[in-house]
Amino acid sequence: MIPEMIQTMRWYGPNDPVSLKDIRQAGAVGVVTALHQIPNGEVWPIDDIKERKSLIESEGLSWVVVESVPVHESIKTRSGDFKGHIENYKQTLLNLGQEGIKTVCYNFMPILDWTRTNLEWPLENGARALRYDSKAVEAFDLFILDRPEAKREYSEERIKELESYFNSLTQDEKDLITANILKGLPGSEIGYTLDEFREMLLTYSDINTDKLQSHLRLFLEEIVPIAEKAGIYLTIHPDDPPKSLYGLPRILSTAEDCRRVFGDNPSLNNGLCFCTGSFGVRADNNLVGMAKEFGEHINFIHLRSTKRDEEGNFYEANHLDGDVPMVEVIEAILQIQKKRGKSIPMRPDHGHQMLDDLGKKTNPGYSAIGRLKGLAEIRGIEKALIHHMQK
Ligand code: CS2
Ligand code: MN
């Protein structure tokens, strides 16, 4: 028998315009959620976890994954009260474990979580997608953030190109790019003003890639034994996009990065959130190869596709189009599940804003219908593959 993936959808809690009933009708059996109301770094109290869990269960769903228990900035920079924050993180894991919630996602991206510059990129068919424009990010870095080192990091030719692009933008367009970058996308937990962001950047002035890698290693040395004790499978979410921005180091963008993290700490509770849309932005990431190589550590799966161009831009494509070889990826995952004799939770990561969701207030990337479509397509692929593999 080949186990099926556990179909889930992300839910942002009682204020999410997408309800638990909607998620159930989409065919998901569970949700991925977090206690977003608790400030980063504080312990998640047992009672709050219990309450949220029973709310979800009262609608016939289960709380399958926590995404995310955010890692406090002090832990990433190992400054201030990072020790206290690590203790809090451990306690939260123990509390979640006690309530039977066994899969926890987090990321180790400095300051900002995932980044897009356009949240309503019009597609040919009238639906809307999220898009990342390299020029917008780099022009923001050079001319709005005005980061002193930026001028040395870009070539003269690039700076000229960015200058003329920047001058072609209206003030409204500039403001929108700034807001999209700094206010934080759903799940980011924290947004910044320009000045706050500049101040945060200073906290990384002596943190290079090596140092950030060692901070992740030291963090995992502390929390993985607790996860083992609590029966929790940790899953690190890759960098999105998988490259350095604003001179900040990023350490989970490639297969090499995964090799380091799981080589340093081979515990199976030290796991990966295999986000195809994030890793898939790099042409040098072989997704099927990565699924096979890190299969034992894949404890959570985000399925979506992106379409990149030569200039480093990308948009979120239909789940079965774009650069992600979705059928092959799902096949590789089914092989992993067969080998491990275990179902892995999966969610259709994002979706297009389409049909009745157009014009509605939605969480960017997290409207109902686009994700329902993605989930339905993925479910179809999975069923067909299992049918064939079992023959
Ligand atoms: C994003 C993020 O790509 C994604 O999944 O929607 O919210 C991501 O889930 C978080 O960065 C994980 O910690
Ligand atoms: Mn993801």
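No value in this document is a laboratory result; all are computed from the given coordinates. All of these numbers come straight from a predicted model, not from anything done at the bench. No Cβ is skipped: glycine too gets one built from the backbone with ideal geometry, and neighbour counts run over all protein chains shown.
Would any residue of region 37-81 have its amide N under 20 Å from a label point 7 Å out along Cα→Cβ of T203? List them or say none. It comes to 37-44, 68-81, nothing else. Once both labels are positioned 7 Å from their Cα atoms along Cα-to-Cβ, the gap between K361 and D48 label points is 2.3 nm.
Give me the percent of DSSP beta bridges within region 263-369 that run antiparallel, rounded to the nearest 5. Taking every DSSP beta bridge within region 263-369, about 35 percent pair in antiparallel fashion. The simple spin-label model puts a point 7 Å past each Cα toward its Cβ; for E296 and H387 those points are separated by 3.5 nm.
If the segment from S79 to K342 were pulled out straight at 0.36 nm per residue, it would be longer than the present Cα-Cα gap by 90.8 nm. Neighbours of Y192 by Cβ distance under 12 Å: Lys/Arg scored +1, Asp/Glu scored -1, total -4. The mean of 1/r over all pairs of different alpha-carbon atoms in region 335-391, once inverted, gives a Kirkwood hydrodynamic radius of 13.1 Å. Among beta bridges identified by DSSP and lying wholly in the chain, the antiparallel ones come to about 25 percent. Taking the alpha carbon gyration tensor of region 40-79, multiplying each eigenvalue by 5 and rooting it gives semi-axes of 28, 11, 5 Å, largest first. Extension gain, L55 to T193, is 46.2 nm, computed as 0.36 nm per intervening residue step minus the present C-alpha separation.
Over the chain, the pair-distance histogram of Cα-Cα distances with 10 Å bins from zero comes to 5, 23, 34, 27, 10, 1, 0 percent, rounded to whole numbers. Would you list the membrane-span-like helices of the chain, meaning whole DSSP H runs whose alpha-carbon atoms span at least 15 Å along their axis and whose mean Kyte-Doolittle value is at least -1.0? Once both thresholds are applied, what remains is 46-57, 82-98, 171-182, 209-230, 326-340, 368-389. With Rh defined as the Kirkwood radius, the inverse of the mean 1/r over Cα pairs, the Rg/Rh of region 17-134 is 1.05. For region 1-104, averaging the sequence separation of C-alpha pairs within contact (under 8 Å, six or more residues apart) and dividing by the residue count gives a relative contact order of 28 percent. Shown here is the pair-distance distribution of region 126-196: with all Cα-Cα distances grouped in 10 Å bins from zero up to the longest one, the shares run 17, 47, 29, 6, 0 percent.
Considering every alpha-carbon pair of region 218-272, the percent of pairs per 10 Å bin, from zero through the bin containing the longest distance, is 24, 47, 25, 4. Once divided by 2.2 N^0.38 Å, the Cα radius of gyration of region 73-192 becomes 1.41.
Averaging 1/r across all pairs of distinct Cα atoms in region 174-283 and inverting the result yields a Kirkwood radius of 15.7 Å. FRET efficiency for the pair E4 and Q98, taken as 1/(1 + (r/R0)^6) with r the Cβ-Cβ distance and R0 = 25 Å, rounds to 0.35. Cross-link reach is defined here as a Cα-Cα straight distance under 21 Å, omitting same-chain residues fewer than 8 places apart; for K292 the lysines meeting it are K338, K339, K342, K383. Using amide H atoms built in the peptide plane, which far-off residues or other-chain residues are under 5 Å from A317 H to H? Correct list: S305, T306, K307.
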